[in-house]
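Structure first, commentary second.
Derivation of every value follows stated rules applied to the coordinates shown; laboratory data play no part. Source: prediction; values computed, not measured. Glycine also receives a Cβ, built like all others from the backbone with ideal geometry; neighbour counts cover every protein chain displayed.
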């Protein structure tokens, strides 16, 4: 048995199998809906149920509150239809443009630009054409079937030869995957992965100035977007705010300085929240999204791309929209939610 879900205002129909989430069916059929984590944690896929009935799987309360659910909002990533439905959701052109591929990848290099950050370069198989948009992510499929998500940090135009994707991995002590990266992983190891996923990528049909906001290794997809801006000669004004705790956490500071020096339309503003005397820091200090608001109190004409810790992304969304006039649909986000966070919520 399957149900028909009509998506408005695009008037697209999705055939959803029994016990299948609406978003999974949309991805399978190449229909672009907004989403991020696919785990009921981030709220990026929040949509409105106009007609019909759905049942929600496990999700975090911050992603969809009881009041929001009562008001007719749903998370398409964990909502399974019980009848034919009509759903109001933003269309994301390009989100379903490239096929989802399951493939092996080979570890080419592992570097450590910071004590708790590893940069992986993974060689793609020669017999498959892996395509993605700068900002999207892949999922590693571990031996026990669990998955871990990481964003590509290089634009598709910078895969190199042999073609390889770049990933930034922060060590989470006790983490099933990150302990492997920082412990036993070595060059030439084979990893199973699947992708591309996500609706976090540059909306190139817009002319709005761009605010790029990252915390920690949330820089990864932001870096890919910066490279896309450069390689596609997109000259929209852009500013990159990168927030970390201490100076050593700015693990690609030199790259960001160089990008701003070679791109006349790009500014770079590093921000530390807890600098020490040993850092000798003379730059901006505080919460990175608050530094953005101090510099740009009126965001009504901007477009924002935010990636990093959920607490930063949530605060930026709330304050940029509520206090700085940013239109809600011009805030695009990818919040990094760890497996531990998901387990705690469950």
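Would you compute, from DSSP H runs of 4+ residues alone, the mean residue ellipticity of the chain at 222 nm, taking -39500 (n - 2.57) per run and dividing by the full residue count, rounded to the nearest 500?
That comes out to -5500 deg cm²/dmol.
Given contacts defined as C-alpha pairs under 8 Å and at least six residues apart, what's the relative contact order of the stretch 101-197, whole-number percent?
40 percent
What whole-number distance in Å separates the alpha-carbon centres of the stretch 111-135 and the stretch 274-289?
The distance from the Cα centre of the stretch 111-135 to that of the stretch 274-289 comes to 30 Å.
Considering the chain as a Gaussian network with a 10 Å cut-off on Cα pairs, which listed residue, 335, 25, 155, attains the greatest mean-square fluctuation?
Taking springs between Cα atoms under 10 Å, the residue moving most is 25.
First measure r as the distance between the Cβ atoms of residue 161 and residue 318, then evaluate 1/(1 + (r/R0)^6) with R0 = 30 Å and state the FRET efficiency to the nearest 0.05.
0.10
Note the full-extension length gain between residue 67 and residue 48 as 0.36 nm times their separation in residues minus their Cα-Cα distance, in nm to one decimal.
5.5 nm
Hey, in the GNM for the chain with a 10 angstrom Cα cutoff, which one of 336, 98, 320 fluctuates hardest?
Among 336, 98, 320, the largest GNM mean-square fluctuation belongs to 98.
Tell me, what is the percent relative contact order of the stretch 210-342, built from C-alpha pairs under 8 Å that lie six or more residues apart?
After rounding, I find 27 percent.
How would you rank 52-58, 175-181, highest first, on the average number of other Cβ atoms within 10 Å across their residues?
Result, highest mean Cβ count within 10 Å first: 175-181, 52-58.
Out of 114, 220, 256, any idea which swings most in a Gaussian network model of the chain, alpha carbons joined below 10 Å?
It is 114.
For the stretch 2-88, what is one quarter of the convex hull surface built on the Cα atoms, given in nm²?
Quarter of the Cα hull surface area: 4.7 nm².
Each label point is 7 Å from the Cα along the Cα-to-Cβ direction; what then is the distance between the points at residue 82 and residue 293, in nm?
Roughly 4.0 nm, to one decimal.
Would you please give the FRET efficiency between residue 2 and residue 90, computed as 1/(1 + (r/R0)^6) with r the Cβ-Cβ distance and R0 = 30 Å, to the nearest 0.05?
Step by step, r from the Cβ atoms, then E = 0.80.
With label points built 7 Å along Cα→Cβ from the Cα atoms of residue 97 and residue 142, find their separation and express it in nm.
With each label point 7 Å from Cα toward Cβ, the separation is 3.3 nm.
Suppose a student asked you for the relative contact order of the chain, using Cα pairs under 8 Å spaced at least 6 residues apart; what percent would you report?
Relative contact order for the chain comes out at 15 percent.
Pull out a ≥ b ≥ c, the square roots of the eigenvalues of the alpha-carbon gyration tensor of the stretch 210-342, then state rounded if a/c is under 1.5, prolate if not and a/b is larger than b/c, and oblate in the remaining case.
Rounded.
Report the label-to-label distance for residue 190 and residue 258 in nanometres (one decimal), using points 7 Å from each Cα along the Cα→Cβ vector.
3.4 nm
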